[in-house]
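Just so it is clear, none of the values below were taken in a lab; they were calculated from the coordinates. Here the structure is a predicted model, which means the values were calculated and not measured. Positions of Cβ are backbone-derived with ideal geometry, glycine not excepted, and every protein chain shown enters the neighbour counts.
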Amino acid sequence: MKEKLGLRIAVCDDEEKERANLRKMLLMELNVAHVDCYASGDDLLEAGKSYNLIFLDIEMPGTSGMETARRLRRDKRSDLLVFLTAYDRYMPSAFEVRAFRYLLKPWKKEDIRSVLQAAYQEVLARQMLAVPLPDKAMTALPLNEIRLLESLGDQSCIYTADKKVISPEPLKYWEDQLDSTLFGRVSRQYIVAYQQISDLKHNQLYLAGLKQPILLPRRQVKAVEAAWLDYLRFYAQPL
């Protein structure tokens, strides 16, 4: 079964039908894991929750969507904001609050899909992976730079384009920590980042920047191929 996308999303719109339609599409058709809905900007602000992405109607009774965005920014919130409106006259104000996207109603499924693709890449670019080191120190690696994790018995090695880091944690630890829509355990020996896969031929898995392929157990080939194709269908479509 395809894994749910690990984005925390809020939908804020005073129109119940608009909220319900967008929530249904996100959960049922675009496979998002978590969506909260709010009927007003005041409700969203009072909840005090942080999200990766907020779909925000502009014209609402009480606190408008634009004023809601200003308050979020004054509170140093970095949630990605996507304005949903029937009018383009608010676009200059949207830039002032660092809007991530500005969608005109009626939106289409492909509009929302494109926003999710871009948002996930933005969220990923911001994330750091905390890595325990053998001397009980810690380091942090940008999540989107990780290519491969290799089992070294009770330890593991994490590879990026320009470095490798030895960690005392076993591969199972990283399998539990990493987002399974972005990383997959392809064998007992390796976890790979799906974005780093360049080709899969029979049981030979090729990663960007590596000359030698990873040899997959033949029983794993179909599962790895399916997971990689799921990744490509969602993340690799042109925006």
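Here are a few things to note about the model shown:
- Both radii are taken from the alpha-carbon atoms of the chain; with Rh as the Kirkwood radius, Rg/Rh is 1.04.
- Sum of -39500 (n - 2.57) over DSSP H runs of 4+, divided by residues of the chain (222 nm, nearest 500): -9000 deg cm²/dmol
- The antiparallel fraction among DSSP beta bridges confined to the range 1-155 stands at about 25%.
- Reduced Cα scattering model of the range 78-192, Debye log10 I(q)/I(0), q = 0.14, 0.18 Å⁻¹: -0.69, -0.88
- 28 Å Cα-Cα reach of K201 towards lysines, excluding residues that sit fewer than 8 places from it in its own chain: K2, K4, K163, K164, K172, K211, K222
- Around the amide H of T139, modelled in the peptide plane, lie the amide H atoms of V131, L133, all under 5 Å away and 5 or more residues distant in sequence or on another chain.
- Taking the charge dipole of the chain about its Cα centre, with +1 at Lys and Arg Cβ atoms and -1 at Asp and Glu Cβ atoms, the residue from Q121, Q189, F234 reaching farthest to the positive side is Q189.
- Peptide packing: for 146-153, 213-220, the average count of neighbouring Cβ atoms within 10 Å per residue gives the ranking 146-153, 213-220, highest mean first.
- Unsatisfied cross-links (Cα-Cα over 20 Å) in the set K76/K108; K49/K109; K24/K109: K76/K108; K49/K109
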